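The values are calculated or read from the model by the stated rules, or taken from the named source; none is laboratory data. Small disclaimer: the values here were computed from a predicted structure and weren't measured. Cβ sites come from the backbone with ideal geometry, for glycine too, and all protein chains shown count toward neighbours. Side chains included, ligands, DNA and RNA excluded: accessible areas come from the protein's heavy atoms. Shrake-Rupley method; radii C 1.70, N 1.55, O 1.52, S 1.80 Å.
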There are 2 protein chains.
Amino acid sequence: MADRKIDMVVNEDGDVAYLSLPDHPGKGSPGVVAKQISLHSIIKEYKGPEIYLDFDKNGVLIGMEFLLEQAD
Amino acid sequence: MADRKIDMVVNEDGDVAYLSLPDHPGKGSPGVVAKQISLHSIIKEYKGPEIYLDFDKNGVLIGMEFLLEQAD
């Protein structure tokens, strides 16, 4: 249990971030994301940064991508 | 724009994390969260950590709370 953790990496420009949840197998795992859902698609009249939820093949949420670039 | 950023704080036990989005006014702003929605309530058969989305009074997503304690 001790090595299960949450972690976030932000790119240099500070406009893209990736959050790894405890069940994420790590970056060196290509193809681990089986399904991606945007908050826009599941929340009516969503307001906020573009956020994508990453699910693995078992349907478990393993990570999130944040696109923070400002539209204004 | 430069001071707008994403930030995450994890508690000592590593089982609770709070993510502040760029529009979050900061910790010293009591009552800033007007609405809280759990992913469980908006995603059918959601599997993953308990996650709450925090919206301000304008309906903008400003933060997320992650409850990571392992049920197993």
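Each Cα pair under 8 Å and six or more residues apart adds its separation to the average, and for chain B the resulting relative contact order is 32 percent.
About its Cα centre, the protein assembly as shown has a charge dipole of approximately 440 debye under the convention of +1 per Lys or Arg Cβ and -1 per Asp or Glu Cβ, with nothing else charged.
Here the spin labels are modelled as points 7 Å beyond Cα on the Cα-Cβ line, and at residue B:45 and residue A:57 they lie 1.7 nm apart.
Treating only the Cβ atoms of Lys and Arg (+1) and Asp and Glu (-1) as charged, compute the dipole magnitude of chain A about its Cα centre; round to the nearest 20 debye.
Here the size comes out at about 440 debye.
Amide H of residue B:63: which non-local residues (sequence gap of 5 or more, or other chain) have their own amide H closer than 5 Å, using H built in the peptide plane? Residues meeting the criterion, in which the H sits 1.01 Å from N, are B:21, B:54.
Enter the accessible area per residue of chain B (Å², integer; probe 1.4 Å; all protein chains in place). Kindly include the intermediate steps, with their values, before the conclusion.
Working: 4420 Å² over 72 residues.
Here the per-residue accessible area is 61 Å².
Under the combined filter of DSSP loop state and at most 15 neighbouring Cβ atoms within 10 Å, chain B retains these GluC sites (Glu not before Pro): B:12, B:45, B:69.
Each residue, residue A:16 and residue B:37, gets one label point 7 Å from its Cα in the Cβ direction; the gap between the two is 2.6 nm. Across the copies of the chain, residue A:44 has label points (7 Å from Cα along Cα→Cβ) spaced 1.7 nm apart, shortest distance listed first.
Projecting the Cα atoms of B:48, B:33, B:67 onto the charge dipole of chain B (Cβ charges, centred on the Cα centre) puts B:33 farthest toward the positive pole. Report summary: the helix-based calculation at 222 nm, which adds -39500 (n - 2.57) for every DSSP H run with n ≥ 4 and divides by the residues of the protein assembly as shown, gives -1000 deg cm²/dmol. For the segment A:47-60, counting C-beta atoms of other chains within 10 Å of every residue's C-beta and taking the mean gives 4.
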